[in-house]
1. If I ignore ligands, DNA and RNA and count only protein heavy atoms, how much of Tyr132 is accessible to a 1.4 Å probe, in Å² to the nearest 10?
2. Mind running the shape call on the range 16-61? Use the C-alpha gyration tensor, a ≥ b ≥ c as the square roots of the eigenvalues: rounded below 1.5 for a/c, prolate if a/b tops b/c, oblate otherwise.
3. I'd like the accessible area for Glu95, computed on protein heavy atoms only with a 1.4 Å probe and all protein chains in place. Round to 10 Å², please.
4. Calculate, for Glu260 and Asn85, the FRET efficiency according to 1/(1 + (r/R0)^6) with r their C-beta to C-beta distance and R0 35 Å; round to the nearest 0.05.
5. Which stretch or stretches of the range 180-224 have amide N atoms under 11 Å from the point lying 7 Å from Asn317's Cα along the Cα→Cβ direction?
6. What is the chain by shape, rounded, prolate or oblate, if you read a ≥ b ≥ c off the alpha carbon gyration tensor as root eigenvalues and call it rounded for a/c under 1.5, prolate for a/b larger than b/c, and oblate otherwise?
7. Working from the pairwise distances between different alpha carbons, so that the mean of 1/r is found and then inverted, what is the range 242-303's Kirkwood radius in Å?
8. Roughly how many debye, to the nearest 20, is the charge dipole of the range 93-222 about its Cα centre, given +1 on each Lys and Arg Cβ, -1 on each Asp and Glu Cβ, and no other charges?
Amino acid sequence: MNILVIGSGGREHAIVWKLAQSPSKSKLFCAPGNVGIASLAQCVAVDATNLEGLLNFAKENKIDLTIVGPEAPLAAGIVDLFKKNHLRIFGPTKEASRLEASKIYTKEFCSRHKIPQADYKIFEEPSQAKIYAKKCNYPLVVKADGLAQGKGVVICENSEEASKAIDKILVEGCFGEAGKRIVIENFLKGVETSFIAVVDGNHILPLASAKDHKRLLDNDKGPNTGGMGAYSPSPLVNATLYEKVMEKIMLPTVRGMVTEGFPFVGFLYAGLMIDRGEPYLLEFNVRLGDPEAQAILPRLQTDLVDVIEAALAGRLNEVTLSWDNRPSVCIVMASQGYPEKYETGFPIMGLEEATKLPDVTIVHSGTKMKEGQVVTAGGRVLGVTALGKDLPTALKCAYEAASKISWEGCFYRKDIGKDTL
Ligand code: AMP
Ligand code: GLY
């Protein structure tokens, strides 16, 4: 079987790494892929958002199955395009991808289906948004409607900050079309966790739980990022909470998408706030999380190809996943300056030595090859994942591997997993 994975980050490297272990012995392609992926799959120089280019490649190379990593091609309708051309592809349609691509769509969807979330109001007019924000309690959350690469959410401590955020999005238009409208919502207190499932339209097959570390710096300080580390499982998601998340969030969502005519097929990721044992939806993503995928997939023992085949056939109810009981930890190594401006092109030392450590997997997120040397090419550069008999062992192992790797301006959080120890 020929399988094409779309994307170029750590998540896609983790997906390709898992597929490479499949007994199906598939031939793997990745568009555009990265330096790390190139050792496992044939990388194809077609950008993840070049839908026509991807379609042509899939047709010409007899791709039997395409798996989409990031949200942008999904929101642009890659699944619809491939299906129209009778190609098998795993991911939600353009309409179903609105669960991530439009916060307003999702807020209204959740209201219709009584899914617990923060109270909200929608604005297009900056003056009206500011009048409303003046009357609110703080903190207050201002969000751009559309995709903004994780930068469209501002937590405001007072009405001056809210006014600035409103101006930035609605007046200066820093997110373009994605910021034509905003959501202003109440600040939810509690502890965050992710809940990710494979969905086939009707059935929900949750993956092992995982927790992301979104803030840049230790002790959850600094700005939000794409994610600085993750561990799996998340002890927070015990049997009681699991049932509540399924009953109050996942089931009503999947059923609601069916009744509204947009059945959801793909990875469905709920970003949750847990307050006194009750889950509230912060956001949906219509894909695997990054770096959650790096922590979850090394623990998955079931063949990922089988899982995706079952999802495409609508028979996920027949699948039981088996997991490595050992916990995993992923540490994201980043460039100085991320998530704002950073320099790239620095040679990365120690990769080979770190890769040799047992139970360690290193995925590439932002690297490239320059004159035979792997150099930095992004904000998040590498993800170092380790499995261990318990979390402290996994942490020790992951940090030991990370300590062997270096480049000018390399940094990573030193407190991944500490919140649960
Ligand atoms: P989102 O992209 O909507 O998940 O927002 C990004 C991050 O902002 C979340 O992971 C939370 O840390 C924070 N956040 C978003 N909405 C809220 C809210 N209503 N209350 C508290 N924190 C929030
Ligand atoms: N780790 C958060 C995300 O993938 O959006």
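The values are calculated or read from the model by the stated rules, or taken from the named source; none is laboratory data. These numbers were taken from a predicted model, which means no experiment stands behind them. Glycine also receives a Cβ, built like all others from the backbone with ideal geometry; neighbour counts cover every protein chain displayed. SASA here: full protein model, heavy atoms, side chains in, ligands and nucleic acids out. Shrake-Rupley method; radii C 1.70, N 1.55, O 1.52, S 1.80 Å.
1. Here the residue's solvent-accessible area equals roughly 50 Å².
2. Here the range 16-61 falls in the oblate category.
3. That residue has around 80 Å² of solvent-accessible surface.
4. 0.85
5. Counting backbone N atoms under 11 Å from the label point, the list is 202-204.
6. Verdict is rounded for the chain.
7. Kirkwood hydrodynamic radius for the range 242-303: 13.1 Å.
8. 180
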